[in-house]
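Let me begin by presenting the structure, written as structure tokens, before commenting on it.
Each value in this text was obtained by applying a stated rule to the coordinates, not by laboratory testing. A quick note: this is a predicted structure, and the numbers were derived from the prediction, not measured. Here Cβ is always computed from backbone atoms with ideal geometry, including for glycine, and neighbour counts include all displayed protein chains.
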Amino acid sequence: MAIKPRKVAIVGTGLVGSSCAFSLVNQGVCEEVLMIDLNEEKALGEAMDLTHAVEYLPKRTKIYQGGYDQCGDADVVIITAGAPPKIGQSRIDTLDISAKICNSIVEPIMKSGFDGFFIIVSNPVDIITYHVWKISGLPRNKVMGTGTSVDSARLKTMISEYLDVDPRSVQGYAMGEHGDAQMIPWSHVYVGGKPFLKIMEENPDTYGKLNLDEIEYRVSQEGWAVFNRKGGSTYYGISSAAVGIIKSILFDEHSIIPVSAILDGEYGEYNVASGVPAIINAEGVKDILEINMTEQEKSKFKKANESLRGYIARLGH
Ligand code: NAD
């Protein structure tokens with residue numbers, strides 16, 4: 001019996017898509033990477049460049065340019081095709097174009113016989129995740145967005161810098177929209193198992209002086225802080241987050257990652273995809289964690305979802 005090579009297809013081989021490919025190949029996450037882009041020459045160039053890296057990597061990966069008809073045996077398709085916001089635009093400003101692009105992508109992928117997992121990165125990611133779920137007809141555990149995974153990494157980085165600890169020793173989530181309406185349930189931020197709020201209380205002259213509203217705002221805006229400095233995109237953080245999700249699926253890791261998941265009653269929410277901590281394994285979104293938020297946190301999370309539902313309705317869902 002031959003073992004099937006693990007295959008990841010990337011649609012959109014621009015800055016984010018090619019960074020996802022580089023991260024996949026460097027970490028040896030799969031045996032095949034299929035690169036698809038409207039601009040076939042660009043996809044081919046990226047595939048060639050990445051192939052030239054293999055000689056110096058611990059594991060061989062086959063990387064090639066191709067089309068949607070080759071997605072039938074893919075385990076995962078990452079969607080990063082889109083038109084990133086121009087300076088001064090918001091993520092929401094790119095909704096109509098992203099939705100239109102996804103219409104042209106998802107149909108031929110489903111026609112190829114694809115029955116794997118969609119990971120959506122294209123913005124506005126929560127709304128596009130819901131859109132792809134609807135038009136693909138796949139069950140909700142098989143479609144997820146990167147959501148607030150990168151925002152949560154930014155939150156952990158900030159806390160780790162205040163306390164001078166490894167960000168991986170900080171637990172906590174940004175939740176809701178990957179955008180302005182995101183929120184942080186501070187009652188669930190821990191450092192090495194100790195509540196961050198308790199650490200603040202015990203250190204009134206130092207950490208106790210931190211302004212949580214200000215940190216929450218900075219976390220939500222940190223993508224723009226990178227975007228503006230780099231002149232138009234963020235890609236290393238987000239591609240690492242996307243590949244972290246893929247690793248958890250392909251290696252059945254059961255990692256808890258804040259992804260944009262389709263909610264069907266969790267947190268009392270329906271008809272929305274929103275950033276929530278979820279157990280990610282070989283089934284995709286295996287389970288959504290419902291953390292106990294304070295009334296104030298619940299109300300912020302609800303507000304974020306209401307706003308997302310408004311945009312989802314605009315797409316006719
Ligand atoms: P980019 O312009 O570098 O790349 C986009 C690629 O998509 C281009 O190569 C383009 O040819 C391709 N494309 C466009 N229309 C297509 C179609 N119909 N079919 C196939 N390919 C198509 O942009 P980028 O910086 O890589 O950003 C891509 C997307 O990812 C944007 O929507 C951006 O907002 C989003 N993004 C999301 C996050 C996040 O946290 N979720 C972070 C960064 C970027």
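Looking only at the chain, where both bridge partners belong to it, what percent of the DSSP beta bridges are antiparallel (to the nearest 5)? Antiparallel bridges make up about 50 percent of those DSSP assigns within the chain. Computed extension length for R140-Y64: 24.5 nm, one decimal, from 0.36 nm per residue of separation with the Cα-Cα distance subtracted. Membrane-span-like helices in the chain, defined purely by DSSP H runs whose alpha carbon atoms cover 20 Å or more axially and whose average Kyte-Doolittle hydropathy reaches 1.0, are 236-250. Each of V165, P5, M293 was scored by the projection of its Cα onto the charge dipole of the chain, and the greatest displacement toward the positive side belongs to P5; charges sit on the C-beta of Lys, Arg, Asp and Glu. Take every pair of alpha-carbon atoms less than 8 Å apart whose residues are at least six positions apart; their mean separation over the length of segment 149-314 yields a relative contact order of 22 percent.
Rounded to the nearest whole angstrom, the semi-axes of the ellipsoid equivalent to segment 149-314, taken from the Cα gyration tensor as √(5λ), stand at 24, 19, 18, largest first.
Positive-end ranking of M110, G176, P195 along the dipole of segment 63-196, with charges on Cβ about the Cα centre, is headed by P195.
Here the contact order of the chain, divided by its residue count and restricted to Cα pairs under 8 Å and six or more residues apart, works out to 17 percent.
Over 23 Å apart at the Cα level, from the set K209/K303; K86/K230; K7/K86; K209/K302; K111/K142; K62/K86, are K209/K303; K7/K86; K209/K302; K62/K86.
Computed over all pairs of different Cα atoms, the Kirkwood value for the hydrodynamic radius of segment 53-181 is 16.7 Å.
Both the radius of gyration and Dmax for the chain are 19.3, 65 Å, in that order, over alpha-carbon atoms. Toward the positive end of the charge dipole of segment 215-275, with +1 on the Cβ of Lys and Arg and -1 on the Cβ of Asp and Glu, the farthest Cα among S239, P258, A225 is that of A225.
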